Each structure stands twice: as C-alpha cells, then as structure tokens.
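Asker: My questions will all concern the structure given below.
The values are calculated or read from the model by the stated rules, or taken from the named source; none is laboratory data. Not measured: the values here are computed from a predicted model. Note: ideal-geometry Cβ built from the backbone for every residue, glycine included; neighbour counts use all protein chains shown. For the accessible areas, the whole protein counts, side chains as well, though only heavy atoms, and no ligand, DNA or RNA atoms are used. Shrake-Rupley method; radii C 1.70, N 1.55, O 1.52, S 1.80 Å.
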Amino acid sequence: MTEKNQKKPESEEVETERVDETPGTYDTPAVDIYETDDAIVVEADVPGVARDGVEVKIDSGVLSILGRATRTSAPGVTRLYEEFTRGDYYRAFALGEEVAEGGIAATVSNGVLTVSLPRARDTRVRKIEVK
Amino acid sequence: MFFAWGPNLNVFERLRDEMNRLFDRRFFGHRMLPVWMAPERAFPRVNMTETTDALTVECELPGVGSDDVDISVEGGVLTVKGERKPPEGRVPERYYRRERGFGPFERSIELPSRVDVDSIGAKLSDGVLEIVLPKHPDSKPRRIEVKVK
C-alpha cells in the first residue's frame, strides 16, 4: 500500500463536536465490514475523495468516516445526464468492545477508504497448534 | 454481474421497470439518454456533460485500477467494461456487512453527438473515470460569417 493516513487516538483530539451532528447533506457510502485474525476492517466506496478529503474519528465508541469529494466545477458546461452527485460521504458505526483503543489506521486508494481497527488482545483469534 | 432484460413477474418490480422506462425516454423534457440497464442496478453510475467542443462522461469506479477497465466507442455507442477485483492479500474470516459487489461489469451509453474517436482521452483518479470525447467537427456549431459587399 502506498498512502497512509494515520489518525491520532481520540485522547489527543481537542474537538468537542459530536460525531452525529455534522452539518450538511451527505451520501451514504456502501461498505463492507469484515474481520480478520487481528482486526476489524471497514472498506467504504468513496469515489472522488482524495487522501486529504478524509476524516476518520472515534468518539465514545462510535466510528465516523467523512469523505469530502474534490470539486470539479467548470463554467460553460451543460449537464446532460446525471446518476451520481459529486457530493461528500458520511457514515457512522457503533463499535463493540472488541476494538482496541489505539492503532487504528486508515488509507484511501482509488476512491476506496479502508479503516483497520485492531481487535483487543483477548478477542483475537489464536490458533492452537495440535501436537 | 449480468443483468438481462425480460418480463418481470413480480408486480412491484414491473412497476419499477415501468418507471425506469419512463426515465429512459425524454419524459421530463430535457434530454435523457437511453441506457441499457435499469439505473439503480447499473455499474458504473455515469454522468454526462457537454461543452461546444466535447462530451465528457464520468464513471464511478471505486476500487478499479486503470488496467482493469476497457473503454471503446463504436457506432456512436461508448462502452465501459472491466472487472472490479477485491484487494489482494486480504483474507476476511467473517463478514459483518457486505454491500459492495465485485466481478466483471459492462455498461454502454449512446452518445448524443458524433465524436472524434481518435482523440478520446480518459483519466482515472480517486475512483472516478473521466472520459473526454471531443466532438467531431460536423457536430460542433459552426458560425457562418456574413460578408458585406
């Protein structure tokens, strides 16, 4: 993977804004959520969003992802047919207790935002070797 | 992801297909182009804009690399096809939610103007494919100069 967009753990953030009060209209991105041996991974389709347009936050056990699309507006352009808006994306998820506090990583590539949340130590899958 | 047209036996789906067909046909007075698949089932979703010089088609293709998409124009129809592959090296043990599809896709769009096929350009960035199709000179408005003698 090429780009990394590290977010600080919540204790270092000074904002008091609640995650579910973001103003504005947003599209809801389609997501896949799955778990691997040591992490829970959220993959969201956010076409049109570049690395600097992404905000990933954790607040009181709620993970929120916000993707701002890079605007392309040119004068003198006539719109003929439109199936998608080049809008911003927002979605929030309540996290269970299996997510560890720190070490959350987020990357954006080709319009897909991937957030990896490490599982707390004792919830990780441990394979037991059979002798 | 292959969707075939055909008679629908489900009443609600027939109603939806009927509504989609209305949108396909210039119903609202501005130009709507016929597409071959029902809008909400089609991938990629597309936008089309024009200037006097060119048509631009934008396709939403998150997670698709430039090697996995193929663009062609023939007989006034633009075809975008390819495959959306899941990221390599990832081994999900269990899914909690699965809303995104993977696999081959194909979509064809009829172009409202004649284009100059040799100078079509395409750029894929942040999951949006932008195809610029310069209009053929015959399709561009031409100003006729009036000479005064």
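Asker: Could you derive backbone 3J(HN,Hα) for the stretch B:132-149 from the dihedral phi with the Karplus parameters 6.51, -1.76 and 1.60 (θ = phi - 60°), listing whole Hz in sequence and x where the residue is Gly or Pro?
Answerer: Those phi angles translate into 9, 10, x, 6, 5, x, 5, 8, 8, x, 10, 8, 9, 7, 9, 8, 9, 8 Hz.
Asker: Amide H to amide H under 5 Å from B:Glu99: which residues, 5+ apart in sequence or cross-chain, H placed 1.01 Å off N in plane?
Answerer: For B:Glu99, the qualifying residues are A:Val31, A:Asp32, A:Ile33.
Asker: A further question follows. Let me cross-check B:Phe43: its accessible surface, 1.4 Å probe, with only protein heavy atoms counted, in Å² to the nearest 10?
Answerer: Rounded to the nearest 10, that gives 50 Å².
Asker: Something else: In whole Hz and in residue order, list the ³J(HN,Hα) couplings for the stretch B:96-104 that follow from phi through the Karplus curve 6.51 cos²θ - 1.76 cosθ + 1.60, θ = phi - 60°; x for Gly and Pro.
Answerer: Calculated HN-Hα couplings, in order: 8, 8, 9, 10, 9, x, 10, x, x Hz.
Asker: I need the chymotrypsin sites (Phe, Trp or Tyr not before Pro) found in the stretch B:81-149, filtered to DSSP loop residues with at most 16 other beta carbons within 10 Å of theirs.
Answerer: On the way: sites: B:Tyr95, B:Tyr96, B:Phe102, B:Phe105; in loops: B:Phe102.
Filter output for the stretch B:81-149: B:Phe102.
Asker: A follow-up question, please. In Å² (nearest 100), what accessible area is buried between A and B, both sides summed, heavy protein atoms only, 1.4 Å probe?
Answerer: On the way: alone 9400 and 11630 Å², together 17700 Å².
Accessible area lost upon association: around 3300 Å².
Asker: Next question, about the same structure. Sorted by accessible area (1.4 Å probe), largest first, how do A:Glu55, B:Glu60 line up?
Answerer: Details: A:Glu55 65, B:Glu60 20 Å².
Heavy-atom accessible area, descending, gives A:Glu55, B:Glu60.
Asker: Take A:Lys57, B:Lys123 and sort them by solvent-accessible surface of the protein heavy atoms, 1.4 Å probe, largest at the top. Write out the running numbers ahead of the final one.
Answerer: Working: A:Lys57 30, B:Lys123 125 Å².
If we order A:Lys57, B:Lys123 from most to least accessible, we get B:Lys123, A:Lys57.
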